[in-house]
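Enquirer: Here it is, the structure, as structure tokens.
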Amino acid sequence: MDVLLGLQWGDEGKGKIVDVLAPEYEIVARFQGGPNAGHTLEFDGIKHVLHQIPSGIFRSQILNIIGNGVVLDPIVLKREIEGLGKFSIDYMKNLVISKKATIIIPTHKLLDAAYEQSKGDKKIGSTLKGIGPTYQDKIGRSALRVGDILANDFKEKYNTLVEKHKTTLSFHQYPLDALAEMEEQFFAAIEFFKTLNLIDSEYVVNDALESNKRILAEGAQGSLLDVDFGSYPFVTSSSTMAAGACTGLGVAPSKIGEVFGIFKAYCTRVGSGPFPTELFDKTGEDMRKEGNEFGSTTGRPRRCGWLDLPALKYSIMINGVTQLFMMKADVLNIFKEIEICTHYELPNGEKIDRLSFEISESEVKPIYKVMKGWNCSLENVRSYEEFPDELKAYVDYLESELKVPIKLISVGPDRTQTIQR
Ligand code: GDP
Ligand code: IMO
Ligand code: MG
């Protein structure tokens, strides 16, 4: 099983690359996260944003698995499936869902909003999809799982959990006005959910590995949003790293093959939290405009900045990345000079290239290496040989620093705008 992960703060272009690589696999599986993800695919002039459905869904020969590590919102899933209606996808054949995946219920979304509200200006900038409260219940051993919807006592279990949530919501003085309508949608979605292919996915995954089938695990979010190693507490609530694919699918570590690490040729972040190379000037604005950096899930403008090598090295280390994929090289076309952060300078003048516990936004100053930009269009470039020299020099420099080969370079959002080395 190969794993594909974002190495930054999410939105690196995972959806595009899973769709590109999918023909080499028999199975594509999501292992963590939920509707906070927004994975964009573009082909034949159409753009799709997937939230919970794995990005292999447009390839009819691929089985798409939503694994046990995922938190699933039935309302979002129903809407997503209905939205793909015109693509005549055979959901009974091409999509299966783990009975051990956790369900996001309406009060999880209210709790997400209540917690954020109570944090004031320390808020995380959550997508408000209920991710944090649902994982909290999972770890707290009171969550509902997909398999529970098939049992006769589902409504009772649901009510018990909702009562618990209501106590917390009333403590936060959070209004419940929206709940009745959300519940109506939720139970309609649950009826729909029951008609889908719900399985013990760990057996399907391991049987497939046993018969030498190829599986691609599709990460959501990015390593710098990981609950253990990200910029805590400004993180998501799941394990976004390669190890998460093992627990989120029930696969032994020894079965992991390649670990594909995806990064943008620069950096973006949505939501709050440290971002040492963030640009607050026109350069940052130009990056946002050129890269169309607005959230796929929430539409929020993404914060933009130069590539951060200490952070990238950290992500490569904790994931054991074997191949790097660099995305959105074309967005840097507009710059005459490109900066790369090689180190951080601490307030005491010390230079470091490691992410220590103490690192926070206010404390570190990025130190940059400046490289000449290629400053031309990459639109008609179809092979590495055709790249401008400055782009080749950028790639060579990154490889020499990161010590992992950059095997793929993306020069546009479409499937075809992908150059493999
Ligand atoms: P994901 O969450 O990692 O799947 O990434 P998102 O879909 O949230 O964000 C990536 C955005 O960049 C999407 O709008 C993609 O269509 C777009 N994209 C992907 N690769 C490229 C690229 O090489 N160049 C440009 N300009 N856009 C890209
Ligand atoms: P994909 O898979 C970018 C961010 C949110 C917020 C923090 C916590 O598309 O790359 P949460 O809703 O999980 O409680 O939010 O994490 N975040 C993402 N940022 N891409 C994502 O997913 C994200 N999923 C969550 O903006 O800062
Ligand atoms: Mg995204």
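The values are calculated or read from the model by the stated rules, or taken from the named source; none is laboratory data. Keep in mind the model is a prediction, meaning the values are calculated, not measured. Every residue, glycine among them, receives a Cβ derived from its backbone with ideal geometry; neighbour counts consider all protein chains shown. Calculation scope for accessible area: heavy atoms of the full protein, side chains included, ligands and nucleic acids excluded. Shrake-Rupley method; radii C 1.70, N 1.55, O 1.52, S 1.80 Å.
Enquirer: Could you please give the count of residues in the range 54-68 that are open to solvent by less than 10 Å² (accessible area, probe 1.4 Å), more than 10 Å from ligand 1 (Cβ to nearest atom) and farther than 13 Å from Ile104 by Cβ?
Expert: So in the range 54-68, the residues open to solvent by less than 10 Å² (accessible area, probe 1.4 Å) come out as 54-57, 62, 64-67.
Those still in the list that are more than 10 Å from ligand 1 (Cβ to nearest atom) too: 54, 56-57, 62, 64-67.
Filter once more, keeping what is farther than 13 Å from Ile104 by Cβ: 54, 56-57, 62, 64-65, 67.
Residues flagged as open to solvent by less than 10 Å² (accessible area, probe 1.4 Å), more than 10 Å from ligand 1 (Cβ to nearest atom) and farther than 13 Å from Ile104 by Cβ within the range 54-68 amount to 7.
Enquirer: In the range 101-114, is there at least one residue being out of contact with any Phe, Trp or Tyr (no Cβ under 6 Å at 6 or more places or on another chain), of a type in the set (Gly, Ala, Ser) and under 19 Å from Gly271 (Cβ atoms)?
Expert: Yes, there is a match, as at least one residue in the range 101-114 is out of contact with any Phe, Trp or Tyr (no Cβ under 6 Å at 6 or more places or on another chain), of a type in the set (Gly, Ala, Ser) and under 19 Å from Gly271 (Cβ atoms).
Enquirer: Another one. State which residue is farthest from Gly250 (Cα to Cα) when the search covers only the range 49-62 and only residues that are of a type outside the set (Gly, Ala, Ser) and in contact with a Gly (Cβ under 8 Å, 6 or more places away or on another chain).
Expert: Going through the qualifying residues, I end up with Val49.
Enquirer: How many of the residues making up the range 23-51 are in contact with a strand residue (DSSP E or B) (Cβ under 6 Å, 6 or more places away or on another chain) and either more than 15 Å from ligand 2 (Cβ to nearest atom) or polar (S, T, N, Q) (or both)? First the steps, then the outcome.
Expert: Going residue by residue through the range 23-51, those that are in contact with a strand residue (DSSP E or B) (Cβ under 6 Å, 6 or more places away or on another chain) are 25, 27-31, 34, 38-41, 48-50.
Then drop every residue that is not either more than 15 Å from ligand 2 (Cβ to nearest atom) or polar (S, T, N, Q) (or both), which leaves 25, 27, 40.
Matching residues across the range 23-51 total 3.
Enquirer: Among what's in the range 36-53 and is more than 9 Å from ligand 1 (Cβ to nearest atom) and hydrophobic (A, V, I, L, M, F, W, C), pick the residue that is surrounded by the fewest Cβ atoms within 10 Å (Cβ to Cβ). Before the answer, list the steps.
Expert: So in the range 36-53, the residues more than 9 Å from ligand 1 (Cβ to nearest atom) come out as 36, 43-46, 48, 51-53.
Adding the requirement that they be hydrophobic (A, V, I, L, M, F, W, C) leaves 43, 46, 53.
Values: Phe43: 15, Ile46: 10, Ile53: 25.
The selected residue is Ile46.
Enquirer: Can you pull out every residue in the range 10-35 that is among the β-branched types (Val, Ile, Thr) and open to solvent by less than 10 Å² (accessible area, probe 1.4 Å)? Walk me through it before giving the result.
Expert: Our first condition is that a residue be among the β-branched types (Val, Ile, Thr); within the range 10-35, this holds for 17-18, 20, 27-28.
Result: Ile17, Val18, Ile27, Val28.
Enquirer: Among the candidates Gly10, Gly15, Gly33, Gly6, which residue alone is within 12 Å of ligand 1 (Cβ to nearest atom), under 24 Å from Val251 (Cβ atoms), modelled with pLDDT of 95 or more and touching a Lys or Arg at 6+ places or on another chain (Cβ under 6 Å)?
Expert: On the way: Gly10 fails: touching a Lys or Arg at 6+ places or on another chain (Cβ under 6 Å); Gly15 fails: touching a Lys or Arg at 6+ places or on another chain (Cβ under 6 Å); Gly33 fails: touching a Lys or Arg at 6+ places or on another chain (Cβ under 6 Å).
Within the list Gly10, Gly15, Gly33, Gly6, the selection yields Gly6.
Table: residues versus (1) out of contact with any Phe, Trp or Tyr (no Cβ under 6 Å at 6 or more places or on another chain); (2) among the polar types (S, T, N, Q); (3) at pLDDT 95 or above; (4) open to solvent by 40 Å² or more (accessible area, probe 1.4 Å).
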{"site": "Ala143", "(1), (2), (3), (4)": "yes, no, yes, no"}
{"site": "Val146", "(1), (2), (3), (4)": "yes, no, yes, no"}
{"site": "Phe154", "(1), (2), (3), (4)": "yes, no, yes, no"}
{"site": "Leu161", "(1), (2), (3), (4)": "yes, no, yes, no"}
{"site": "His172", "(1), (2), (3), (4)": "yes, no, yes, yes"}
{"site": "Asp177", "(1), (2), (3), (4)": "yes, no, yes, yes"}
{"site": "Ala180", "(1), (2), (3), (4)": "yes, no, yes, yes"}
{"site": "Gln185", "(1), (2), (3), (4)": "yes, yes, yes, yes"}
{"site": "Ala189", "(1), (2), (3), (4)": "yes, no, yes, no"}
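Enquirer: Any idea how many residues of the range 313-355 are touching a residue at least 12 places away in the same chain (Cβ under 8 Å) and closer than 15 Å to Val259 by Cα? Explain how you work it out, then say what you get.
Expert: At the first step, the residues of the range 313-355 found to be touching a residue at least 12 places away in the same chain (Cβ under 8 Å) are 313-316, 318-347, 351-355.
Applying the additional criterion that residues be closer than 15 Å to Val259 by Cα yields 313-316, 318-326.
Looking only at that region, the number is 13.
Enquirer: Please list, ordered by first then second residue, the pairs with beta carbon atoms under 8 Å, 6 or more apart or interchain, first in the range 87-116 and under 20 Å from Glu184 (Cα atoms), second part of a strand (DSSP E or B) and not hydroxyl-bearing (Ser, Thr, Tyr).
Expert: Cβ pairs passing all conditions: Thr102/Val71; Thr102/Leu72; Thr102/Arg145; Ile103/Val71; Ile103/Leu72; Ile103/Arg145; Ile104/Val71; Ile104/Leu72.
Enquirer: What number of residues within the range 358-407 are modelled with pLDDT under 95, open to solvent by less than 80 Å² (accessible area, probe 1.4 Å) and either touching a Cys at 6+ places or on another chain (Cβ under 8 Å) or assigned to a strand (DSSP E or B) (or both)?
Expert: 0
Enquirer: Taking the range 279-296 only, how many residues are within 16 Å of ligand 1 (Cβ to nearest atom), assigned to a loop (DSSP other than H, G, I, E, B) and surrounded by fewer than 21 Cβ atoms within 10 Å (Cβ to Cβ)?
Expert: Count: 3.
Enquirer: Of all residues in the range 260-288, count the ones that are over 22 Å from Lys123 (Cβ atoms) and among the basic types (Lys, Arg).
Expert: Total meeting the criteria: 2.
Enquirer: Kindly establish whether Tyr232 is closer than 30 Å to Asp148 by Cα and surrounded by fewer than 20 Cβ atoms within 10 Å (Cβ to Cβ).
Expert: On the way: closer than 30 Å to Asp148 by Cα: no; surrounded by fewer than 20 Cβ atoms within 10 Å (Cβ to Cβ): yes.
No, not satisfied.
Enquirer: Then there is this: Looking at the range 327-337 only, could you name the residues that are within 16 Å of ligand 2 (Cβ to nearest atom) and part of a strand (DSSP E or B)? Outline the logic, then answer.
Expert: We begin by selecting, within the range 327-337, every residue within 16 Å of ligand 2 (Cβ to nearest atom); these are 327-328.
Within the range 327-337, just Met327 meets the criteria.
Enquirer: Within the range 116-140, track down each residue that is within 15 Å of Val71 (Cβ to Cβ), out of contact with any helix residue (DSSP H, G or I) (no Cβ under 8 Å at 6 or more places or on another chain) and either modelled with pLDDT under 95 or not in a helix (DSSP H, G or I) (or both).
Expert: Let us first name the residues in the range 116-140 that are within 15 Å of Val71 (Cβ to Cβ), namely 126-140.
With out of contact with any helix residue (DSSP H, G or I) (no Cβ under 8 Å at 6 or more places or on another chain) added as a condition, the list becomes 127, 135-136, 138-140.
The answer is Thr127, Gly140.
Enquirer: Scan the range 7-16 residue by residue and report those that are within 13 Å of ligand 3 (Cβ to nearest atom) and farther than 16 Å from Pro413 by Cβ. Steps first, please.
Expert: Taking the range 7-16 first, the residues within 13 Å of ligand 3 (Cβ to nearest atom) are 8-16.
Listed by number, the residues that qualify are Gln8, Trp9, Gly10.
Enquirer: Mind listing whichever residues of the range 141-158 are out of contact with any helix residue (DSSP H, G or I) (no Cβ under 9 Å at 6 or more places or on another chain), under 25 Å from Thr236 (Cβ atoms) and assigned to a loop (DSSP other than H, G, I, E, B)?
Expert: The initial filter retains those residues of the range 141-158 that are out of contact with any helix residue (DSSP H, G or I) (no Cβ under 9 Å at 6 or more places or on another chain), namely 141, 147, 150, 152-153, 156.
Within this subset, residues satisfying the condition of being under 25 Å from Thr236 (Cβ atoms) are 141, 147.
Arg141, the sole residue that qualifies.
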